[in-house]
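The values are calculated or read from the model by the stated rules, or taken from the named source; none is laboratory data. Computed from a predicted model, the values in this text were never measured in an experiment. Don't worry about glycine lacking a Cβ; one is built from the backbone with ideal geometry, like all the others, and counts go over all protein chains shown.
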């Protein structure tokens, strides 16, 4: 054989080896796990329990054979509640881990920082947090973006509907005057301003306070002003750190409005153990008592406690669980990870969630893929949150009026 | 009349204001005076240990609030695991935090005593960050607070109803001030500490063990602020960043009173507490409380500076 012939033979062999090795890699890649990349604030209870609930759902799905014959792999990155960390987490998940779908999320501020990175990669994203309508404005026209949590204005509309329904159902409850005590930051201020529009038929008075989270913690001046106003409904919009001290200081000055409402993003885990909690109204997407009226919620509750030996204390736990199932079911329906097929499959979502409601994606004011639209009106009764409204998920009658300790 | 003659005009004005303002408030808005004294007591009592360290050791402890936060966590977990009320947990907290203070001093502060002031600030700032992140890793950012029914005890005088428990901070500030003054003026150790604070080299020349004095004062201060963390917990939630605002407030009070002026810290705390309560008593003006705090601080510092120049 000539030298030319030998060289040709070597090339053929090298090509054959490359094809065989490459095919091997392709097969291995095809059989590898489906990667879901989650970004959550792990030091916060929402992220801590949300991520645990996600892992619970992944383990259940994998134990049942996975999706499309492949296992799910959940890769969680901590955003530390910082926008720049969230953006870096998206970059890492996209480039290092090469995830197939982005999931997770809690804070709107963090998510606004993550959005430029998400837009860069344009992968399917199913987000459970970020309620600010500023986020909605930033994701207009993104067909790969699915949002599960109700936007802030949807929440406001939901409460208007809820209070109207409660007043109609229980004539003893009458709301003409409301006093809004809101933390002086962006969260409290925007909530108050939104509420003024939503509840324009009430006589509203508002006053800001410095949250304990920002070095405050003395609410007595605001509470005294509320007491002077004599409202039918008193609502404070602040953080979990304010919850018990506000109740204590209200008790101290003898302030007992007929309706005492708290609207923090999350309650302290042991708030219900205080006798001061009894009768306090709360807003939220879920309460443990929903397990009494929802088999899916009961299953989630039992499975979570069995796996982690703790009770889910924030609605971000069932939201995280929902996040995984919605994505997994859509991949199964699509039969592929192809982006267009997956978007179409997600649009067909009809998932009975542990939050009590069935999740579907419909248009909101600005985007095409909005999940839940309603919040719930809850009340602390005997140490547990009970659902007062919507009536189809109600687990208790309202305790009215609030009497204090 | 002799008293009035010996007082300067500004001192006389200050005296009249100190007597007049409470009387006016008592007649006009009595709850402002009550809640201002309670609020100011909290500021003052937390600031005193920091003033002690700054006055004797000469270091601005930027981790002051973080030690208080760790004290509050200590009391919380003593309640969970040993069933101790936070006020009772102050006793083990004193011991535990004296030890923590001593270790911190030996391992870090002592090595930075001769370093430039900026390095000392960076050191204590770093300690504050370590404290916050440690709490975050150990107990997450979830706020914790025990339910204590006595913290919302109150009395009603006619139409006025006010909480009585928060006077614990007012009382604690006065008691701690008296005890510290007695310690510094009447005991051998205290006098040695005062001497070290005024002139460490001179103190060393007359045979005072300066390093041991620093160790003692730093440990006592950390023990006090750790125990005060337990008292703080009775009315406040604890979370990793709960202490840092108190570092700033304490430092401002000390700056206003002057280094080494412990009574000034307490009266300044009461004054600022009442000023904040007064501003907050007008609906919609609560947000100005911080402005008032810093405006009073700036005014006092400028006034002192002016007096020094004209003296």
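Overview of results
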{"item": "Some residue of region A:81-92 being part of a loop (DSSP other than H, G, I, E, B) and in contact (Cβ under 8 Å) with a residue 12 or more places away in the chain", "result": "yes"}
{"item": "Hits in region B:133-159 - residues which are closer than 18 Å to residue B:39 by Cα and in contact (Cβ under 8 Å) with a residue 12 or more places away in the chain", "result": "B:150, B:151, B:152, B:153"}
{"item": "Output for region A:213-227, where each listed residue is under 22 Å from residue A:404 (Cα atoms) and within 8 Å of chain B (Cβ to nearest Cβ)", "result": "A:217, A:218, A:220, A:221, A:222, A:224, A:225"}
{"item": "Within region B:47-68, tally of residues that are under 30 Å from residue A:253 (Cα atoms) and more than 12 Å from chain A (Cβ to nearest Cβ)", "result": "3"}
{"item": "Of all residues in region A:233-243 being closer than 15 Å to residue A:379 by Cα and surrounded by 24 or more Cβ atoms within 10 Å (Cβ to Cβ), the one that is farthest from the other protein chains (Cβ to nearest Cβ)", "result": "A:235"}
{"item": "Which numbered condition residue A:164 misses (of (1) farther than 29 Å from residue A:354 by Cβ; (2) in a helix (DSSP H, G or I); (3) more than 10 Å from chain B (Cβ to nearest Cβ); (4) without any contact (Cβ under 8 Å) to a residue 24 or more places away in the chain)", "result": "(1)"}
{"item": "Residue selected from region B:256-296 under the condition within 12 Å of chain A (Cβ to nearest Cβ) and outside any helix (DSSP H, G or I), by the criterion surrounded by the most Cβ atoms within 10 Å (Cβ to Cβ)", "result": "B:281"}
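Yes or no, residue by residue, for (1) crowded, with 16+ Cβ neighbours inside 10 Å; (2) over 30 Å from residue A:191 (Cβ atoms); (3) at pLDDT below 95; (4) touching a helix residue (DSSP H, G or I) at 6+ places or on another chain (Cβ under 6 Å):
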site: A:67; (1), (2), (3), (4): yes, yes, no, yes
site: A:77; (1), (2), (3), (4): yes, no, no, yes
site: A:80; (1), (2), (3), (4): yes, no, yes, no
site: A:117; (1), (2), (3), (4): yes, no, no, yes
site: A:130; (1), (2), (3), (4): yes, no, yes, yes
